[in-house]
Amino acid sequence: MGLLIHDCNNDIIANNDKPSNSILIAIPITGYSFIHWYILRIFRKSYFPAEGVSIVSQTFYVIRHGEASGNEPEAPLTLKGIEQVEHLVDLLIQQGLTDFSRIVASPYMRAGQTAVLLARRLEKEMITDPRLVERNLGNAPEDRSVLLDELRKHDENMDLRFPNGESNREAASRVLELTRELLGLHEGFLLITHRITMALLIRQYEPAFSFDQMMALANSAAYSITHNNDGRHHVKRIL
């Protein structure tokens, strides 16, 4: 197994020259993911903090993946889904909404493929994090009308869950945990997730975001969320 060597000061090691104030971290190349990247960023912020930086507000983006062939984790994007993502990229470019350095996606195939399309065109770093997967509905009813009725009840009581599944509160907790970690790095980011998980995150910043708005979240739906230090937040629909 090889090792990936990072200079926490410059992120670059060249010709074995190491500045005296650098700290080196070696991690296995296999399995390089958000946790490795996050540890490196925390070391950088801790040992080499920027001087005179005062962040008043931070804006990040959250989108739903493009149309997929199904709901299972391995379901890929359809041709229509690819077109939806390409249209979203065009819109982000036209509106100048590319002020983020990395894309963090759910590891589900449809979200990963959406991330790849964005990352290639926008030349951004892409990583995955399991905290962005869709809420686990466990043994939910297969009948759609029955399922919607039950989901509405779950929307009113955050602690309800289907057998072998997770509650809205649990799903919201994990995605909010990830978001706070990323905000703590003071670097722009874009999240790619799924309908329920996306709605639960939006609701953390816009409590009035309703069940009907959640169900209306189309494929490639996109929102910007501005997090302010004073606790006032702003949520804006992009697509």
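Computed from the coordinates by the stated procedures, all read-outs in this text should not be read as laboratory data. A quick note: this is a predicted structure, and the numbers were derived from the prediction, not measured. Glycine gets a Cβ as well: all are built from the backbone with ideal geometry, and neighbour counts include every protein chain shown.
Local charge for residue 235 was computed over the other residues whose Cβ lies under 11 Å away, with Lys and Arg +1 and Asp and Glu -1, and equals +2.
In a simple Cβ point-charge model (Lys, Arg +1; Asp, Glu -1; nothing else charged), the stretch 57-237 has a dipole of about 260 debye relative to its Cα centre. The spacing between the stretch 135-212 and the stretch 74-111, judged by their C-alpha centroids, is 20 Å.
Students often check this: by mean Cβ neighbours within 10 Å, which of 163-173, 224-234 ranks highest, and how do the rest follow? Could you put the intermediate results ahead of the total?
On the way: 163-173: 16.2, 224-234: 13.1.
Ranking the peptides 163-173, 224-234 by packing returns 163-173, 224-234.
Report the net charge of residues surrounding residue 94, where surrounding means a beta-carbon distance below 15 angstrom and charges are Lys +1, Arg +1, Asp -1, Glu -1. Neighbour charge sum, excluding residue 94 itself: -2. By other beta-carbon atoms within 10 Å, ranking 142, 187, 67 with the fewest at the front produces 142, 187, 67.
Remark: spin-label model distance residue 208-residue 230 equals 1.9 nm, labels positioned 7 Å along the Cα→Cβ axis.
Taken along the Cα-to-beta-carbon direction at a fixed 7 Å, the label points for residue 147 and residue 116 span 2.6 nm. Each other residue within a Cβ distance under 11 Å of residue 217 adds +1 if Lys or Arg and -1 if Asp or Glu, for a net charge of +2.
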